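Visitor: My structure is below; once you've seen it, I'll send some questions.
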Amino acid sequence: MNFLKSRISPMTLALAIAAGVLAAGPSAAQTAWPAPGKNITLVLPFAAGSGTDSTTRLISKELATALGTNIVIDNKPGANGSIAASYVARSEPDGYTIFVTTNTSHSANPYLLKNMTYDPIKDFTPIARTGDLPFMLVINPEIPANSVAELVALAKKEPGKYSYASGSSSAIVSGATFATLAGIDLLHVPYKSSPPALTDVIAGRVSMMFVDVPTGLPHVNGKALKALAVTTIKRSALLPDLPTMDEAGVKGFDITSWQGYLGPANLPKPIVTRLNAEIRKVVERPDIRKELADRGMEAFSGTPESFDKFLKEQLVVWEKLIREAKIEKQ
């Protein structure tokens with residue numbers, strides 16, 4: 001210490017300290033999130049035009065403004081959402097890659113797929129649930145049925161004639177559950193995502209489909225499809241005149257599709273807290289909630305802790321649904 005004091009003047013020491021502070025400045029700035037000019041990518045497991053895609057684009061526009069950065073939508077459909085889920089699970093937990101997903105990847109896949117490339121709990125950090133996307137049963141308008149009961153009667157009269165398309169795990173499980181509970185023989189025709197599946201139902205190449213309301217409703221309103229029932233045990237506030245499958249005679253039918261935001265495992269708590277707060281502000285705005293409702297989504301949110309608890313509960317729910325529908329792992 002005496003050696004230093006004898007050779008460094010007060011002015012030199014002051015300059016050295018200042019230089020050190022300046023040198024530390026950029027490093028400190030790099031820890032700020034989100035960093036200026038760095039995009040946040042929202043990875044989706046479904047194609048453009050799906051319900052999750054349309055609602056996420058609305059939310060992301062407001063979220064980008066709140067965070068003061070750009071948000072990019074990256075659609076990675078395929079393998080029941082596993083492609084997108086695995087991609088996010090392997091991403092750096094830095095807040096710049098976020099998964100916007102549903103029960104397809106995080107509730108159903110563990111019981112539908114033989115080879116899972118990710119763990120829905122251990123490989124992710126829950127951020128915020130954003131609401132439910134009700135599903136409904138739609139059929140090609142050429143099919144001579146105006147109710148679920150009439151459709152079941154047709155299927156029983158000609159076993160194996162009718163088919164159902166799927167573009168998600170919700171659609172797979174809904175179709176299989178319908179066939180099992182109604183005691184009918186339906187051919188399953190799988191697709192990578194809902195839009196192309198719906199195209200084939202409209203064209204008459206497939207008989208029917210369980211589809212999320214945001215994707216299917218425009219075609220129902222345009223008379224390209226007939227809607228027969230919703231999959232939830234209670235009627236949807238978005239479609240109050242449409243009966244439930246349970247009301248329509250398929251007793252015990254109750255399937256709900258949820259939507260939420262997750263990051264890779266070990267996402268820092270300050271980032272989780274900030275994202276959760278901003279997402280909730282967006283979702284809870286009356287104007288945004290109305291816009292989401294117009295697109296077929298029942299919007300609401302909650303804490304990361306409540307979402308984590310919900311995710312674990314849904315694994316139990318979907319295991320039961322898939323077991324009772326007698327769906328074998330693929």
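The values are calculated or read from the model by the stated rules, or taken from the named source; none is laboratory data. Predicted, not measured: the structure shown is a model, and the values here were computed from it. Counting neighbours? That spans all protein chains shown, and the Cβs are built from the backbone with ideal geometry, glycine included. The accessibility values were calculated without ligands, DNA or RNA, using every heavy atom of the protein model including side chains. Shrake-Rupley method; radii C 1.70, N 1.55, O 1.52, S 1.80 Å.
Visitor: For the stretch 263-327, what is the accessible area per residue in Å² when the probe is 1.4 Å?
Guide: 54
Visitor: Could you let me know the centre-to-centre spacing of the stretch 148-172 and the stretch 105-135, using Cα atoms, in angstrom?
Guide: Taking the Cα centre of each part, the stretch 148-172 and the stretch 105-135 sit 26 Å apart.
Visitor: Antiparallel versus total DSSP beta bridges in the chain: what percent is that, nearest 5?
Guide: 60
Visitor: Compute for the stretch 153-235: radius of gyration divided by Kirkwood radius, i.e. Rg/Rh, restricted to C-alpha atoms, rounded to two decimals.
Guide: 0.94
Visitor: Still on this structure, please answer the following. About the Cα centre, and with charges only on the beta carbon of Lys, Arg (+1) and Asp, Glu (-1), how big is the dipole of the chain? Nearest 20 debye, please.
Guide: About 700 debye.
Visitor: PRE reach from Asn146 (point 7 Å along Cα→Cβ): which of the stretch 163-204 fall under 15 Å by backbone N?
Guide: none
Visitor: Probe 1.4 Å, all protein chains in place: accessible area of Val316 in Å², nearest 10?
Guide: Number for this one is 100 Å².
Visitor: If I take all pairs of Cα atoms in the chain, what percentage of them are more than 38 Å from each other? Each step should come with its number before you reach the end.
Guide: Values: 12912 of 54285 pairs.
Above the 38 Å cut-off, the chain has 24 percent of its Cα pairs.
Visitor: A further question follows. Per DSSP helix of 4 or more residues, -39500 (n - 2.57); summed, then divided by the residues of the chain. What does that give at 222 nm, rounded to the nearest 500?
Guide: It lands at -13500 deg cm²/dmol.
Visitor: Name the aspartates and glutamates eligible as straight-distance cross-link partners of Lys114: C-alpha to C-alpha under 16 Å, and not fewer than 8 places from it in the same chain.
Guide: Qualifying aspartates and glutamates at Cα under 16 Å: Glu319, Glu328.
Visitor: Given a Förster distance of 30 angstrom, what is the FRET efficiency for Lys38 paired with Ile83, based on the Cβ-Cβ distance and rounded to 0.05? Let's see the in-between values first.
Guide: Values: r = 24 Å, r/R0 = 0.81.
The computed FRET efficiency comes out at 0.80.
Visitor: Let me ask something else about it. Using DSSP to call loops (not H, G, I, E or B), can you name the GluC sites (Glu not before Pro) in the stretch 201-306 whose Cβ has at most 15 other Cβ atoms within 10 angstrom?
Guide: Working: sites: Glu247, Glu278, Glu284, Glu291, Glu298, Glu305; in loops: Glu247, Glu284.
Of the GluC sites (Glu not before Pro), the ones in loops of the stretch 201-306 whose Cβ has at most 15 other Cβ atoms within 10 Å are Glu284.
Visitor: If you take all C-alpha pairs in the stretch 113-159, what percent of them are over 15 Å apart?
Guide: Values: 741 of 1081 pairs.
Value for the stretch 113-159: 69 percent of Cα pairs lie more than 15 Å apart.
Visitor: OK, next. Work out the charge dipole of the chain with +1 on the Cβ of Lys and Arg and -1 on the Cβ of Asp and Glu about the Cα centre, then indicate which of Ile83, Ala149, Gly216 is farthest towards its positive end.
Guide: Ile83
Visitor: Of all accessible surface on the chain at a 1.4 Å probe, what whole percent is carbon and sulfur?
Guide: Carbon and sulfur atoms account for 57 percent of the accessible area of the chain.
Visitor: Mind checking which of Gly204, Ala248, Pro110 is farthest towards the positive end of the chain's charge dipole, using Cβ charges of +1 (Lys, Arg) and -1 (Asp, Glu) about the Cα centre?
Guide: Going by the Cα projections, it comes out as Pro110.
Visitor: What's the whole-number percent of alpha carbon pairs in the stretch 203-316 lying beyond 23 angstrom?
Guide: 45
Visitor: Explain nothing, just the number: relative contact order of the chain, from Cα pairs under 8 Å at least 6 residues apart, as a whole percent.
Guide: Rounded, it is 25 percent for the chain.
Visitor: Set Lys and Arg Cβ to +1 and Asp and Glu Cβ to -1, take the dipole of the chain about its Cα centre, and tell me which of Ala35, Thr303, Phe124 lies farthest positive.
Guide: Projecting each Cα onto the dipole axis, the largest value belongs to Ala35.
Visitor: Relative contact order for the stretch 51-107: what percent, with Cα pairs under 8 Å and sequence separation of 6 or more?
Guide: Dividing the mean separation by the residue count of the stretch 51-107 yields 30 percent.
Visitor: If you project the alpha carbons of the stretch 38-133 onto their three principal axes, what span does each projection cover, largest first, in Å?
Guide: 41, 27, 20
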